[in-house]
Amino acid sequence: MGQHEADGQSKADVVAPRVDPRNGNVRPLASGSAGAYTIDVDNFSKRLKEFYTHWKKRKPDLWGDSDAIAIATPPPSEDIRYLKSSALQFWLFGYEFPETIMVFMNKKIHLLCSPKKAAVLESVRRSAKEAVDVEVIIHVKQKNDDVTALMDSLILAVQSQSESEKPIVGRIAKEEPEGKLMESWAEKLAGSNLQLSDITNGFSELFAIKDTSELNCVRKAAYLTATVMKNFVVPKLEQSIDEEKKVSHSSLMEETEKAIQDPAKLKVKLKADNVDICYPPIFQSGGKFDLRPSASSNDDDLYYESTSVIICAIGARYSSYCSNIARTFLIDANPTQSKAYEVLLKAQNAAINTLKPDNVLSSAYKAAVAVVEKEAPELLPNLTKTAGTGIGLEFRESGLILNTKNDRTVKAGMVFNVSLGFHNLQSSTKNPKTENFSVLLADTVIAMNDKSPEVLTSLCSKAVKDVAYSFNEDEDEQPKVKSKPTIAETVLSKASLRSDKQEISKEELRRQHQAELARQKNEETARRLAGGGSNTGDARGPVKPSSEMVAYKNINDIPYNRELMIQVDQKNEAVLLPIHGSMVPFHVSSVKSVTSNQDNRTCTVRIIFNVPGTPFTPHDTNSLKHQGAIYLKEVTFRSKDPRHSSEVVQLIKTLRRQVASRESERAERATLVTQEKLQLAGNRMKPVRLQDLWIRPAFPGRGRKLPGTLEAHINGFRYSTSRPDERVDIMYGNIKHAFFQPAEREMITLLHFRLHNHIMVGNKKTLDIQFYVEVMDVVQTLGGGRRSALDPDEIEEEQRERDRKNKINLEFQNFVSKVHDYWGQPQFRDLDLEFDQPLRELGFHGVPYKASAFIVPSSSCLVELIETPPLVITLSEIEIVNLERVGLGQKSFDMAIVFKDFSKDVFRIDSIPSTSLDGVKEWLDTTDIKYYESRLNLNWRPILKTITDDPEKFIEDGGWEFLNLEGSDSETDESVESDQGYEPSPMEEESESEDEDNNSESLVESEDDAEEDSDEDSEEDKGKTWEELEREASRADRERGDESDSEEERKRRKAKALGKSRLPERGSAKGVPLKMPKLR
């Protein structure tokens, strides 16, 4: 019986750091002796000293002028609860000791506990004496003993150590006594002559700032929380919605709870014994929402119909330190729901950004309120009353609440649960399950020194694009301005049996949006030009002086040779020429060209030198220093030894090529921006690898090319082959755009990086770097016969190729996903790094350089990554796009891209099929890029020069509206209306069309053409022009009814005349302007 009682006592004596799902603090281990628990005495000493120092320093204002501090802990419970008494024990000892009384005095610490706890606490006696010079006295309470006498001794000890007749004892007033021990202790304190004061604020301040070990625990807890949300909760919801499963909120809660308690399944390397939940996971949908952490998940099924909202909140603990995250997911959201979420996201980010040292805590909530008042003041009454609280050993540190009244200052090391939401919002739907909705966001944040707050749960994105889902298939019910149809869909829509009214509606919507874009673009351009934002000039900069080339520093260094003959000194990079009986050295870089001609018995060697001041060799610093110097321009030698002559010429050419290549590489490197040094991943972080990749541009050299490995390290990528000199480092901070393009119809799967600053690949300077793998081998069948599609070998070979392609695409996808997860860390937030994937369905064919290619838009760029050189155009850098050669009868058109930096040349994509016109216009419109249309190609250099020379005139004349042909059409229509009833004769119609054609061509003609025209105009009174003669001849032909022209020729001529007519009913069906206004 005695042994059984002793075992029962040991079960509740000491509680390890592991947390129980139903007990907010701890769970006792099954059994074991006191030797199983070891207190970290160094940590205890440090924190006990911190406790006593804080108590003495802030005794009047935070610790209630207490002479002693009495803390009692209740017995274990099945309920989740957070107590400051338990938090103090864990903070000091690393364990919780239920049913224990601790009394802290100036020179003594009294502990009343069971024998098992006493055995564990013995180890702190010496540490307490060394740290704060206090004596630890342990009062052992046997199981069936009456503890009244022990309590009396504690009260007597407090009275004896105090000089006051009524000593003040500090206690945590909000913690109600539980169990016989705490109830007896509360009665003893109340019946004594001791004064009682509340010291809750003292402990709140003590626990507020976390040390390094505490922050590490919070980080681990937050990483687990965010990983569970991203890799378990989100995929679970997506699967349920995709498969239309019926799953209840409570079942989702149970599955998520199990996922938190088993981190290994999510590949999180944390011990399961140290991990537990902060509260049961919360899942809410179907119009019933409660934004409090104490909310529960009901048994209703998850509701995910159109315009529904789903709220998920989970919290995990590691070594009793808490973390929290909450996300809202929108299903086919309507404008009201989308706006509410976007405003909430801005408000929460504003609150997070204020959590910097020396700021007042109330500024966080005030910043959120300011955003709501500016963006959507009607939502302010529905905003939660706080922006969150502090978090740590307690889930809710009430002393760090983020409301308008808290005037405490933020300090580095504080941890916050920034939680903000809108509750009980009304949506204009008739469905009771979607009419009422709420939105909630919560993140765990650390206040940092000298930098922005660290959001620990940023691994799980809260961006609109990542939480808004669209499953609605009835998209044709209402036309949307910013829909993104594919080019294939747009082309098919022409052939489908739609009414003209629908087509006109779509075109009208696009035209209205483009008109608004034109107004915004002109205002933006006016501001930029007025502020001098456009850098003009040829952007070439001054000519860089070449370094002074010296062959020999001393005359004694010149090699001696008895024979007067041309010599090449490769070591000193010099050419020795016999001139007037002396060997004169010339550095090889001064040689411009060398040639040899062989006659019958003689050979002539001709050497031409670089002479400063000539058109192709401008003056540099060296030539300007010696302006009076005389330069040798050319020298010719005649030799009777053709073999020696040809050998010398070859040596000079080879040496000159080597030196030129070296100096060119040196000059290229001199212009490079200095990059940071790559920090290699150590043992803790295993680098993510992608093997057997080829690189473009390739490393130089004539040897066999080798594949390499791409590794993701701490601050950049490294690509290397087995050769030690073939290595490239790409810093994350230097990446402007990153693309991942899996092989679909192409032969390669690739990763492409567009950089901010050039880097060197071997001796080549590049701004684009690409890593790729060929997914299938290009094999040419030697036999002329064609294999049957039903050939088993052919089928098997195709299957192998498909498997290889899918395997390679999957390897690249895994690499990209892991890098994405790493880029989600706070230190990379400002870089805005993300792998963009080109959207093939929006692609079109065109000629960006010399060959036709398939050009594909992405979310931020227009790219073509298969052919070389690659094409990467950043959409945010585009000023306007002009679609040229657009008109009836044209099989293709051109795209001229004008950049915001007018010093850049306009980029042209030629020969785009006309079938892609509607798709291209729709894509440009949805990406908010203003486009214009013209029938002719414009000469953009003089246009941009006119703009930059006189920007004020450009702004006064309406900005880019000179490209808007619809305005000129309206003027033309007015003139036609004024002349109603007049029908031109055939002769006048043809004349008019020709005159208009001449006017259109005047936009693109050169200045020389204009001068020739003026000369012709000055002589027009001297005789009939060719046009007049041609018209007279055509009139004569018509009068005599000449039938010499074929029927096809007459039809062609008639169509041409009608196409050039100014009558509105003969214009283009698409409203393409008929006359181009001249640029003023």
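The values are calculated or read from the model by the stated rules, or taken from the named source; none is laboratory data. Because the structure is a prediction, the values reported are computed rather than measured. Cβ sites come from the backbone with ideal geometry, for glycine too, and all protein chains shown count toward neighbours. In case anyone asks, the SASA skips ligands and DNA or RNA and just uses the protein heavy atoms, side chains included. Shrake-Rupley method; radii C 1.70, N 1.55, O 1.52, S 1.80 Å.
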In Hz, Karplus ³J(HN,Hα) per residue of segment 593-604 (6.51, -1.76, 1.60; θ = phi - 60°; x = Gly, Pro): 7, 9, 9, 9, 10, 10, 9, 4, 10, 10, 10, 9
Estimated distance in nm for a label pair at E342 and M760, the labels positioned 7 Å out from Cα along Cα-to-Cβ: 4.8 nm
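Run the accessible area of segment 290-414 with a 1.4 Å probe and give the carbon-and-sulfur part as a rounded percent. Each step should come with its number before you reach the end.
Values: 2290 of 4590 Å².
Ligands and nucleic acids excluded, carbon and sulfur reach 50 percent.
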Simple label model, 7 Å out from Cα along Cβ direction - K57 to S153, nm: 3.5 nm
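What accessible area per residue, rounded to a whole number of Å², is obtained for segment 41-207 using a probe radius of 1.4 Å?
On the way: 7510 Å² over 167 residues.
Result: 45 Å² per residue.
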Within the accessible area of segment 41-207 (1.4 Å probe), percent carbon and sulfur: 47 percent
In Å, descending, principal axis extents of the Cα set of segment 873-963: 39, 26, 22
Calculated from backbone phi, Karplus (6.51, -1.76, 1.60) coupling profile of segment 114-131 in Hz, x at Gly/Pro: 7, x, 4, 5, 4, 5, 6, 6, 4, 5, 9, 4, 5, 4, 5, 5, 6, 7
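With a 1.4 Å probe and all protein chains left in place, how much of the accessible area of segment 873-963 comes from carbon and sulfur atoms, in whole percent?
On the way: 1760 of 3540 Å².
About 50 percent, which is the carbon plus sulfur part of the accessible surface.
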Environment charge at I759 (Cβ cut-off 9 Å; Lys +1, Arg +1, Asp -1, Glu -1): 0
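For S817 and N431 in one chain, what is 0.36 nm times their gap in residues minus the Cα-Cα distance, to one decimal in nm?
Gain on stretching S817 to N431: 135.1 nm.
At 1.4 Å probe radius, can you tell me the per residue accessible area of segment 212-469 in Å²? Don't skip to the answer; put the middle values down first.
On the way: 10360 Å² over 258 residues.
Accessible area per residue: 40 Å².
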Cα-based Lys proximity count in segment 873-963, under 23 Å, for pairs eight or more positions apart or on separate chains: 12
Radius 15 Å from Cβ of R292, net charge of other residues (Lys, Arg +1; Asp, Glu -1): +2
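I'd like the projected area of segment 96-195, averaged over all directions, using the convex hull of its alpha carbons. Report it in nm² with one decimal.
Directional mean of the projected Cα hull area for segment 96-195 stands at 6.7 nm².
Over segment 839-878, give the accessible area per residue in Å² for a 1.4 Å probe, as an integer. The partial results should precede the final answer.
Numbers: 1590 Å² over 40 residues.
Roughly 40 Å² per residue, with all protein chains present.
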Fraction in percent of alpha-carbon pairs per bin - 10 Å, segment 41-207: 10, 41, 40, 8, 0
Equivalent ellipsoid, segment 162-220 (semi-axes from 5 times Cα gyration tensor eigenvalues, Å): 31, 17, 8
Three-way shape call for segment 257-305 based on the alpha-carbon gyration tensor, with the a/c threshold at 1.5: prolate
Label point at S470 placed 7 Å out along Cα→Cβ; residues across segment 915-932 whose backbone nitrogen lies under 16 Å: 922-928
Calculated FRET efficiency for the pair E176/R829, C-beta based, R₀ 60 Å, to 0.05: 0.85
Two-site label geometry, Q691 and K265: point separation in nm, points 7 Å out along Cα→Cβ: 3.2 nm
Cβ-defined net charge surrounding K653, 14 Å radius [Lys, Arg +1; Asp, Glu -1]: +2
Rounded FRET efficiency, nearest 0.05, which uses the C-beta distance separating N353 from D957 and R0 of 56 Å: 0.85
For segment 341-353, Karplus couplings with θ = phi - 60° (6.51, -1.76, 1.60), whole Hz, Gly/Pro x: 5, 4, 5, 4, 4, 5, 5, 5, 5, 5, 5, 4, 5
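Can you give the convex hull volume per residue for the Cα atoms of segment 309-418, as a whole number of Å³? Could the numbers behind the result be given before it?
Details: hull volume 10.7 nm³, N = 110.
Taking only Cα atoms, segment 309-418 has a hull volume of 97 Å³ per residue.
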5 angstrom amide H check on L393, placed H, neighbours 5+ away: C322
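Which pairs, out of K236/K339; K230/K818; K451/K736, put more than 20 Å between their alpha-carbon atoms?
Numbers: K236/K339 26 Å; K230/K818 13 Å; K451/K736 23 Å.
In this structure, K236/K339; K451/K736 lie more than 20 Å apart at Cα.
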For segment 88-151, radius of gyration divided by Kirkwood radius, i.e. Rg to Rh on alpha-carbons: 0.96
